[in-house]
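This report refers to the structure that appears directly beneath it.
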Amino acid sequence: MTTAPADSPGALAPAYGDKVIAVETAGSDPIPDAERHGSPLQLLWTWASPNIEFATVYIGVISVLFFGLGFWQATAAIVLGTALGAITQGVLSLDGPRFGVPQMVVGRLSFGFRGNILPAAANGLVAGVGWFAVNSVSAAFALNTLTGLRPLPSLLLVVAAEILIGFIGHNFVHTFEKYAFPALAVIFLLAGGWTFDHADLGGGGTGGGIGGFLLAFSAAWGYAAGWNPYATDYSRYLPRTADKFRTVLYPAAGLFVSVALVAIIGAASATIVAPRGATPTAAFTGHLPGWLGDLVLIAIILGAVSANALNVYSGAISLTSLGLNLPTWLSRSVLVVVSGVAGTAAAWASLSDAGSAYEAFLLVIAYWVAPWLGVVLTERLLQGRTASDEELSTRLSDRSFTNRPGIAALLIGVAVSVPLFSNQEKYVGYVPAHWPSFGDITPLVGFLVSAGLYAVLSRAGRGPAGPGSGRRTPGAAAG
C-alpha cells in the first residue's frame with residue numbers, strides 16, 4: 001500500500017480501512033496511519049470467541065482424567081495458569097498501536113533481524129499447522145457426531161471455512177469473532193449449567209498431588225500464553241491514540257474469562273462417567289439432553305472455526321515476518337492457504353489419537369513460548385529506558401540490526417529447561433524422572449532462565465557508554 005500518513009497534506013483515502021468484505025493486502029509492513037481504525041473493545045470478543053471451544057474444554061478434562069486432580073484442584077491450576085497468560089496478552093497488545101506491525105516483527109527488537117527468523121518460523125509452524133490441526137480435529141469430531149458424516153469429509157468441510165476466513169484477512173476475522181461470540185457464550189453457559197448440575201464436584205482425582213497440579217498449571221498457561229505470539233497481529237490496525245488501559249484490559253479479560261470458564265466446565269464434565277468408546281466430543285455432550293447436546297456440537301464447530309481463523313491468519317503473518325525475499329505472488333493470503341493445507345494434513349494424521357496428541361502439544365507449546373516470552377518481556381522493560389519509539393521503529397526494518405543476547409538467552413532457556421524438567425509421554429527429563437512430584441515445571445524454568453540471562457547479557461552488551469550504546473544502536477553488532 002502507498003497510502004500517505006493521515007496527518008500529511010493531501011493524505012490519500014485508505015485503500016483497505018475498515019472494509020470487511022475485502023481481501024487484506026498488508027503483510028508484515030507497518031500499517032500507515034491512514035489505514036488505522038477500530039477501538040480496543042474489538043479485542044474483547046476477538047480473544048474470547050476463539051477460546052469458547054472444545055480445545056479449551058479439554059484442558060479441564062485432562063487435568064482431572066490424565067493429571068489426577070480433583071475438580072477444585074484443577075480449577076485452581078486452571079485459573080492461575082490462565083491469569084498469567086492473559087496478563088501478558090494484554091501487555092503485548094500495546095505494541096500494536098505503538099508500532100503497527102505483527103508480534104513476530106516486534107520480536108526483532110529482542111532477537112535481531114536474522115535471529116528473529118527462528119521464533120517467527122516456530123510460531124508459523126505452531127499456529128498455522130499445530131493449532132490449526134488440533135482445533136480442526138475437534139470440529140471434525142463434532143460434525144461427525146452431529147451428522148454421522150465420516151471424520152475425513154467432516155474435517156475437509158471445516159478447514160475450508162477456516163481457510164476462507166483467514167484468506168480474506170484482518171477485518172473479516174474481527175467481524176466473524178464479534179458475531180460468533182454471543183452464540184458461543186450462550187450455548188456454553190447453558191451447557192455449563194447443566195454440567196455442574198450433574199457433576200460430582202467433590203469427586204474426580206486419583207492423587208495427582210503437586211505434580212499433577214503443576215502439569216495442569218503448565219497446560220493452562222501454555223494454552224493462554226500460546227496466544228501471546230499473536231498479540232499485536234490483531235491490535236496493529238488500532239490508531240496510535242488508542243486508550244492504553246483498554247488496549248491491555250480487553251484482550252486480557254476476553255482471554256482470561258473465556259479460557260478459565262470453559263476449561264472449568266471441562267473439569268466438571270470429567271467427573272461425569274462418559275459412555276464407553278465415545279469420541280472426546282461425544283463424551284463431553286453425552287450427559288446433555290439431545291437438543292442441548294446438538295447445540296453444543298454446533299458451538300464446538302463454530303468455536304474451532306473461530307480459533308483457527310486466528311491460527312491460520314497469524315501463521316501466515318509469522319511467515320511474512322521472516323524477512324525473506326519471497327516472490328510477489330506468495331502473499332499473506334496465499335500463505336494462509338499453504339498453512340491451511342499443511343495443518344489439514346497434520347489434523348488428518350492425528351484423528352486416530354487426538355487426546356494424547358493434544359496433551360503433548362499443550363505442554364510443548366509452553367516449552368518454547370515461555371523462554372520466548374521471558375526475553376520479549378525483559379526487552380520491553382529495558383527498551384523504555386534506552387530508546388525512543390522512533391528509534392525502535394527504525395530497528396524493526398533494519399536488516400543489519402543484531403541482538404545476540406536475545407537469541408542466546410532463548411536457546412539456553414530451552415536447552416536448560418527441557419532436558420532437565422520435561423515430563424512428556426515420550427520423554428521425561430532428569431528431575432521428574434527422579435522426583436515425580438515436580439510434575440512439569442519446564443515453562444517456569446525456561447521463562448526465568450531466559451529472562452534472567454537476557455537481563456544480564458543485555459546490560460553487559462550496552463557497555464560503559466550507557467543507554468543506547470553497543471548492540472542497541474541500529475546496525476551495530478552485538479557485544
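The values are calculated or read from the model by the stated rules, or taken from the named source; none is laboratory data. A quick note: this is a predicted structure, and the numbers were derived from the prediction, not measured. Note: ideal-geometry Cβ built from the backbone for every residue, glycine included; neighbour counts use all protein chains shown. Heavy atoms of the whole protein, side chains included, go into the accessibility calculation; ligands, DNA and RNA do not. Shrake-Rupley method; radii C 1.70, N 1.55, O 1.52, S 1.80 Å.
Side notes on the structure shown:
- Taken over the stretch 89-98, the residue count meeting the criterion of being open to solvent by 10 Å² or more (accessible area, probe 1.4 Å), assigned to a helix (DSSP H, G or I) and hydrophobic (A, V, I, L, M, F, W, C) is 1.
- Residues in the stretch 423-444 that are free of Cβ contacts under 8 Å to residues at least 40 places away in the same chain and assigned to a helix (DSSP H, G or I): 4 in all.
- Test for Val20: is it aliphatic (A, V, I, L, M), assigned to a loop (DSSP other than H, G, I, E, B) and in contact with a Ser or Thr (Cβ under 6 Å, 6 or more places away or on another chain): yes
- Single condition Thr232 does not satisfy, out of (1) among the β-branched types (Val, Ile, Thr); (2) crowded, with 18+ Cβ neighbours inside 10 Å; (3) free of Cβ contacts under 8 Å to residues at least 12 places away in the same chain: (3)
- Only one of Asp18, Asp7, Asp29, Asp95 that is at pLDDT 95 or above and among the charged types (D, E, K, R): Asp95
- The residues of the stretch 235-251 that are open to solvent by 20 Å² or more (accessible area, probe 1.4 Å) and in a helix (DSSP H, G or I), listed by number, are Lys244, Phe245, Arg246, Val248, Leu249, Tyr250.
- Note on the stretch 59-74: residues that are assigned to a helix (DSSP H, G or I) and open to solvent by less than 30 Å² (accessible area, probe 1.4 Å) total 8.
- Qualifying residue in the stretch 335-345 (condition: open to solvent by less than 20 Å² (accessible area, probe 1.4 Å), under 30 Å from Leu448 (Cβ atoms) and modelled with pLDDT of 90 or more): no
- Residues that are among the hydrophobic types (A, V, I, L, M, F, W, C) and either surrounded by 22 or more Cβ atoms within 10 Å (Cβ to Cβ) or in a loop (DSSP other than H, G, I, E, B) (or both), drawn from the stretch 103-128: Met104, Val105, Val106, Leu109, Phe111, Phe113, Ala120, Val126, Ala127
- One residue from Gly429, Gly413, Gly406, Gly374 being under 25 Å from Gly222 (Cα atoms), of a type in the set (Gly, Ala, Ser), surrounded by 16 or more Cβ atoms within 10 Å (Cβ to Cβ) and at pLDDT below 90: Gly429
- Arg395 vs. criteria open to solvent by less than 70 Å² (accessible area, probe 1.4 Å), outside any strand (DSSP E or B) and of a type in the set (Lys, Arg): yes
- Screening the candidates Leu255, Leu261 for the property of being at pLDDT 95 or above, open to solvent by 50 Å² or more (accessible area, probe 1.4 Å) and in contact with a helix residue (DSSP H, G or I) (Cβ under 8 Å, 6 or more places away or on another chain) yields one hit, Leu261.
- Scanning the stretch 126-137 finds no residues that are modelled with pLDDT of 90 or more and under 28 Å from Glu35 (Cα atoms).
- Matching residues, the stretch 264-277, being crowded, with 24+ Cβ neighbours inside 10 Å and in a loop (DSSP other than H, G, I, E, B): Ala270
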